[in-house]
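First comes the structure, then the notes that go with it.
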Ligand SMILES: NC(=O)c1ccc[n+]([C@@H]2O[C@H](COP(=O)([O-])OP(=O)(O)OC[C@H]3O[C@@H](n4cnc5c(N)ncnc54)[C@H](O)[C@@H]3O)[C@@H](O)[C@H]2O)c1
């Protein structure tokens, strides 16, 4: 156990800066170096963070610093090369952003390299630290809803941004039960060329081994969450049992109805509140291998696999059994199968994102 773990952060965009600031604010970590391929962004980050060890070359920086934690927050097109750098520089833990990858082929390579190297890894599904997410989870885990039969999640944002979150938190609500099969449909090609490539709308069902069904909708056809104003936070996740339901709205609190009454409370997704516990759990896991991080890679990979199976169901039809046994390029599968028809919107507020 070290007093302080040394960290390299790669990608000084929005999420890289969130990570760097949160590592800096935690006395168990120090930023040993930062990297961005964009020099002006790197210089601005260096001035803001007061970190002088910097480079536009992640491999060179990580190789010279040999950090305890290699954190990268690049866009989703860059995963395997960064994981390789993290493993090769000798890091004990790699912290990455969601989604795990853009295709199951790459996701499986990432999984296999991490497993072979023994390096710990975490994926940033940090919304779960929000007080409203914790409260919904607490009610569900208390048994007050009876035996859960359904979990659900909807979000106005598109798949590669949001589905990873919806599945991760509802798997948590469902005690991380294994998924056995999925079936899904999709429409709208506008976002297939986005940096988070996705159908404009995807909807699917997951059958979990404990009998629970997960029902998910992401994108243009997802329902409004009228209690939330901010479009990106129009996301609803919950669980139902015979005795009631509990749910969280990303941008506006939680609520539960059980046999004993109805409750609700406040809460809004907030990076400043969600990042510190996410970062602290990295120190806890590095200190003590039995204190496994809630956002550990193995768990995130299972959610990722569900998302990739949705894409395969869209492309190939029918139910897709899990776990996936061989890799594929799901984005190419979507590009060759999603019909060339505009997605039909569920709310006018989505027109600005799904116009094409
Ligand atoms: N967990 C969350 O709540 C959440 C929220 C938003 C975004 N994200 C995810 O975070 C990731 C990053 O998103 P963002 O919004 O911060 O993106 P961004 O575009 O703001 O930042 C990415 C940065 O990576 C840099 N970069 C790209 N390639 C590089 C390379 N080879 N070497 C060094 N630097 C490189 C870019 O120059 C850029 O500064 C995405 O995967 C996204 O899905 C997660």
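Side notes on the structure shown:
- Principal semi-axes in Å for segment 210-305 [√(5λ), Cα gyration tensor, largest first]: 27, 18, 17
- For the chain, the calculated P(r), taken from all Cα-Cα distances in 20 Å bins from zero up to the bin holding the longest distance, is 30, 59, 11 percent.
- Base-10 log of normalised Debye intensity for segment 3-65 (one unit scatterer per alpha-carbon) at q = 0.16, 0.19 Å⁻¹: -0.42, -0.60
- Over segment 223-356, relative contact order from alpha-carbon pairs under 8 Å, at least 6 apart, %: 14 percent
- The orientation-averaged projected area of the convex hull spanned by the Cα atoms of segment 112-214 comes to 8.4 nm².
- Structural size metrics of segment 60-103, computed from C-alpha coordinates, are Rg and Dmax of 10.2, 31 Å.
- Residue of 164, 142, 124 that the Gaussian network model of the chain assigns the largest fluctuation, springs spanning Cα pairs under 10 Å: 142
- Considering only 303, 204, 63, the mean-square fluctuation computed in a Gaussian network model of the chain, springs between alpha carbons under 10 angstrom, is largest for 63.
- Segment 283-331: equivalent-ellipsoid semi-axes (sqrt of 5 x gyration tensor eigenvalues, Cα, Å): 31, 9, 8
- DSSP beta bridge pairing in the chain, given as percent antiparallel to the nearest 5: 60 percent
- Comparing mean-square fluctuations of 91, 315, 346 from a GNM of the chain with C-alpha springs under 10 Å, the top value falls on 346.
- Dimensionless Rg over Rh [segment 86-132; C-alpha; Kirkwood]: 1.05
- Building the convex hull from the alpha-carbon atoms of segment 268-356 and averaging its projection over directions returns 9.5 nm².
- For the chain, the longest principal axis of the Cα atoms and the long axis of helix 159-173 meet at an angle of about 80 degrees.
- Here the average projected area of the convex hull drawn through the C-alpha atoms of segment 105-149 stands at 5.3 nm².
- Order of 232, 172 - criterion: other Cβ atoms within 10 Å of each residue's Cβ, fewest first: 232, 172
- When both segment 141-187 and segment 285-314 are represented by their alpha-carbon centers, they are found 13 Å apart.
- Shape analysis of segment 120-172 places it in the prolate category; the axes a ≥ b ≥ c from the Cα gyration tensor give an a/c of at least 1.5, with a/b above b/c.
- Cα centroid separation, segment 54-83 to segment 113-136 (Å): 19 Å
- Relative contact order of the chain, taken over Cα pairs closer than 8 Å and 6 or more residues apart, is 19 percent.
- Over segment 144-275 - Rg/Rh using Cα atoms and the Kirkwood inverse-distance radius: 0.98
- For segment 1-68: relative contact order, % (alpha-carbon pairs under 8 angstrom, 6 or more apart): 35 percent
- The largest-to-smallest principal axis extents of the Cα set in segment 197-241 are 35, 27, 14 Å.
- Rounded if a/c under 1.5, otherwise prolate or oblate - segment 1-155, Cα gyration tensor axes: prolate
Every number in this text was worked out from the coordinates using simple rules, so none of it is lab data. Computed from a prediction, not measured in an experiment: that's the story for all the values here. In this analysis, Cβ positions are derived from the backbone assuming ideal geometry, glycine residues included, and neighbour counts consider all displayed protein chains.
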